[in-house]
1. Please go through region C:591-622 and give me each residue that is touching a residue at least 60 places away in the same chain (Cβ under 8 Å) and not in a strand (DSSP E or B), ordered by number.
2. Taking helices (runs of 4 or more DSSP H) that fall entirely within region B:1-94, which contain at least 1 residues that are modelled with pLDDT of 90 or more and over 21 Å from residue C:181 (Cα atoms)?
3. Counting only residues that are part of a loop (DSSP other than H, G, I, E, B) and out of contact with any strand residue (DSSP E or B) (no Cβ under 8 Å at 6 or more places or on another chain), which one in region A:73-88 is nearest to residue A:102 (Cα to Cα)?
4. Please go through region A:112-148 and pick out each residue that is within 14 Å of chain C (Cβ to nearest Cβ), under 21 Å from residue A:79 (Cβ atoms) and out of contact with any helix residue (DSSP H, G or I) (no Cβ under 7 Å at 6 or more places or on another chain).
5. Consider residue C:673 against the criteria (1) more than 28 Å from residue A:45 (Cα to Cα); (2) in contact with a helix residue (DSSP H, G or I) (Cβ under 7 Å, 6 or more places away or on another chain): it satisfies all of them except one. Which criterion is unmet?
6. Checking residue C:503 against (1) in a loop (DSSP other than H, G, I, E, B); (2) touching a helix residue (DSSP H, G or I) at 6+ places or on another chain (Cβ under 6 Å), which test does it fail?
7. Can you pull out the residues in region C:473-493 that are touching a helix residue (DSSP H, G or I) at 6+ places or on another chain (Cβ under 7 Å), over 14 Å from residue C:555 (Cβ atoms) and in a helix (DSSP H, G or I)?
């Protein structure tokens with residue numbers, strides 16, 4: 001998979017520990033408030049548990065912990081972004097807990113930059129690239145890889 | 001069958017004059033009354049309309065009356081059209097295998113009939 | 001045997017038509033000239049499964065045709081013959097012919113036509129020709145001769161049935177004997193094809209509404225006994241003219257054709273000839289019958305009857321079955337799930353209200369909840385069907401196979417009420433048929449061989465379905481010869497699957513029979529065919545997330561164990577609370593639940609805790625420790641011990657509290673997450689929370705694997 005593939009697209013951006021992240025809007029199914037989840041024993045610590053979404057059992061990921069950031073307290077402002085990602089022959093549905101949702105941007109291919117080689121540092125395998133927008137740097141998530149890391 | 005219909009059928013069907021309306025019960029017990037009702041309607045000018053949508057109970061006697069009515073029409077070259085058949089009636093017609101006899105020559109078959 | 005095979009015909013036809021569709025698609029792809037092995041395999045499997053089904057149901061013509069077709073396909077598959085475009089043409093026409101044959105059979109009309117026979121002959125000619133210079137055509141040709149002869153030679157009776165003629169007398173209806181009721185009851189015995197004679201119907205004015213002037217001639221396809229039919233007419237005795245004659249069995253195509261217009265044999269009162277005349281007249285008059293007084297006579301009017309009688313399907317199967325896509329049902333299920341949550345929100349809100357009206361509202365909501373629950377259950381049940389619908393085809397199949405092969409076989413079945421998701425059920429039909437055929441054909445020995453081996457002459461095949469650890473297990477066992485490892489290995493070497501000097505452990509050898517195209521039987525028979533079998537079985541089962549295991553003991557028999565997932569199954573569960581979490585324990589796994597007494601606890605080497613249940617020591621699993629969560633009770637004396645059993649092992653699960661028992665829908669965790677040892681899935685509770693369903697074997701495995709078990713309970717030390 002090409003790392004600088006982020007071409008013209010719309011991204012939804014969200015805040016995570018003071019940084020701004022983005023993910024392709026086509027992957028977003030809905031945005032929900034945080035509600036308690038059922039803990040799954042022996043799951044990675046960044047998997048908070050599962051919730052019921054209209055009859056479907058959906059794992060909920062704490063993105064802060066996924067990126068090995070300082071965990072935050074969940075409150076009324078905490079938001080779950082529900083995404084749908086093709087994975088193999090089927091689609092996976094995941095909930096991502098983020099600090100807050102911010103905006104939707106149109107990104108041109110020229111806005112996007114590939115990530116320098118960081119080795120295995122900073123969970124960079126989950127980052128598709130970077131984008132410049134209104135003087136800010138957006139970190140573009142690779143949702144497919146994120147989904148893969150949840151499934152395996 | 002619809003394709004056999006005569007060109008004037010549509011116009012003629014616009015205002016059916018004789019109307020046979022079958023009640024909820026269409027059995028041997030109501031046989032005489034149904035027969036009288038049918039004969040009364042047949043005495044009026046055609047084309048006719050027959051409505052079996054309200055039928056809840058039916059037996060062979062009831063179906064036989066309908067068959068006789070239909071054959072009368074067929075024999076005399078009179079047009080009639082089914083306004084409806086309840087499921088019960090439809091099932092009885094199917095079981096007794098009289099569906100083909102009840103195909104109105106002047107109209108597209110009733111729902112359910114081929 | 002009073003099984004009504006007819007009820008499975010529809011499924012066979014439905015599946016058959018679908019399969020032909022995929023065969024056609026595959027053939028069309030094949031036209032390009034590139035012989036794609038997988039495509040040919042697909043086509044071959046379709047032909048094979050139609051052959052198998054039609055042989056089972058006694059549709060000899062279809063079976064014979066597909067056998068020839070299959071032989072040709074086998075030649076293509078093995079590379080004996082190349083895929084020429086003219087062969088593809090013939091194959092495509094075979095699809096058409098098969099479609100025609102299936103739909104004729106479905107309408108119970110004679111199958112053979114000039115076209116069918118012509119194509120069949122053509123296929124046979126191709127098969128026999130060695131145009132491609134194929135190395136060894138002879139054995140194949142021999143096989144045809146055997147197969148073409150066998151279905152007819154076996155002289156299997158077609159679905160038996162009755163010719164019935166009913167001419168009501170003048171007083172019959174008046175005395176309360178309604179012909180409609182009689183026909184309805186006849187239809188409930190099987191498939192009823194009825195013809196009416198309306199020739200005696202007078203004009204409406206002349207009609208006596210209480211006298212029945214219609215009469216009927218019927219063909220009842222059913223295995224119902226004469227007595228059952230007599231009973232229907234019991235009350236009308238003496239008030240009608242009645243004849244009931246058994247249908248002559250349809251032995252071959254030719255016989256079927258001449259039987260097409262069955263005349264009621266030897267009836268005293270029935271004017272058979274005139275009835276036939278009416279039908280014949282109908283054929284001539286119907287299409288163009290002018291709507292004029294020209295159709296003057298009643299008889300002629302009655303002749304408007306269709307030449308092919310309307311088939312009145314049995315009331316039982318007609319009872320309202322429609323095909324609905326699974327997606328629609330799932331949508332429905334999800335909507336209901338949402339409704340349940342909304343309803344419980346309403347109940348919670350209503351609990352906060354006060355006053356008389358609030359009481360009424362709460363009462364209404366209790367009703368609402370009850371209705372919701374039954375709605376939810378009904379919707380869930382729509383997807384679930386007992387495995388009996390598949391098991392039921394086996395008694396007849398085994399009897400027929402046994403007869404054909406000269407083997408004595410007894411079939412035992414259990415657990416046929418085990419429910420499975422419809423999609424799963426649909427997928428396991430063919431594999432199970434293959435396995436059962438294999439068991440009869442290859443597993444069970446001939447009676448003299450069994451006697452020589454000191455066994456009962458009659459072989460046993462058992463089909464067993466049960467729930468286990470969140471799965472449904474279906475086992476097909478036989479007490480036959482077992483698999484011969486040396487033969488398998490030799491065959492595998494011959495086929496180049498295993499190197500000449502390569503040695504394999506036993507389990508690997510058994511696994512070889514799952515290799516594509518592998519078969520240990522040298523003689524081709526129309527029973528289990530040519531090695532379509534284990535590879536397809538395994539592939540089909542794997543496709544639905546299942547697992548196939550094979551055990552075999554030489555001389556003792558083989559068992560194939562299929563583990564099927566419950567993608568969406570209902571489970572009877574016991575809700576158990578541990579701290580804030582609620583877990584669901586499958587009730588089938590629970591032995592009993594016990595309040596622990598101090599003297600029943602033993603610790604072992606300070607590592608494990610054991611509970612003494614009568615004469616047995618049972619390991620105690622503290623669920624909160626196993627799952628790393630907080631519990632209310634860490635003192636064994638305060639909580640409850642659920643004794644559960646799996647794989648013959650018993651353990652005690654230590655929980656805080658037992659809650660209600662309820663049926664839950666199992667949702668897979670794998671859909672969006674992954675498989676988790678010790679969990680069979682998740683379900684949604686009434687309050688919208690997700691509760692995890694325990695997989696007891698998994699719990700035990702996880703407990704055993706714990707590198708360092710928890711500290712022994714202090715109170716036990």
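1. Passing the criteria: C:598, C:606, C:607.
2. Values: elements: B:9-13, B:31-43, B:60-76.
Fully inside region B:1-94 and qualifying: B:31-43, B:60-76.
3. Step one: list which residues in region A:73-88 are part of a loop (DSSP other than H, G, I, E, B), which gives A:73-78, A:88.
Still in the running and out of contact with any strand residue (DSSP E or B) (no Cβ under 8 Å at 6 or more places or on another chain): A:73, A:75, A:88.
Values: A:73: 19, A:75: 17, A:88: 30 Å.
Across region A:73-88, the extreme among qualifying residues is A:75.
4. The answer is A:147, and nothing else.
5. (1)
6. (2)
7. Within region C:473-493, C:488, C:489, C:492 qualify.
So that you can scan it fast, the table gives a plain yes or no per residue for (1) farther than 16 Å from residue C:654 by Cα; (2) in the same structural domain as residue C:426 (by TED's automatic domain parsing); (3) touching a strand residue (DSSP E or B) at 6+ places or on another chain (Cβ under 7 Å):
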| residue | (1), (2), (3) |
| --- | --- |
| C:549 | yes, yes, yes |
| C:591 | no, no, yes |
| C:608 | no, no, yes |
| C:613 | no, no, yes |
| C:619 | no, no, yes |
| C:626 | no, no, no |
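The values are calculated or read from the model by the stated rules, or taken from the named source; none is laboratory data. Note that the structure is predicted; figures quoted are calculated from it, not measured. Note: ideal-geometry Cβ built from the backbone for every residue, glycine included; neighbour counts use all protein chains shown.
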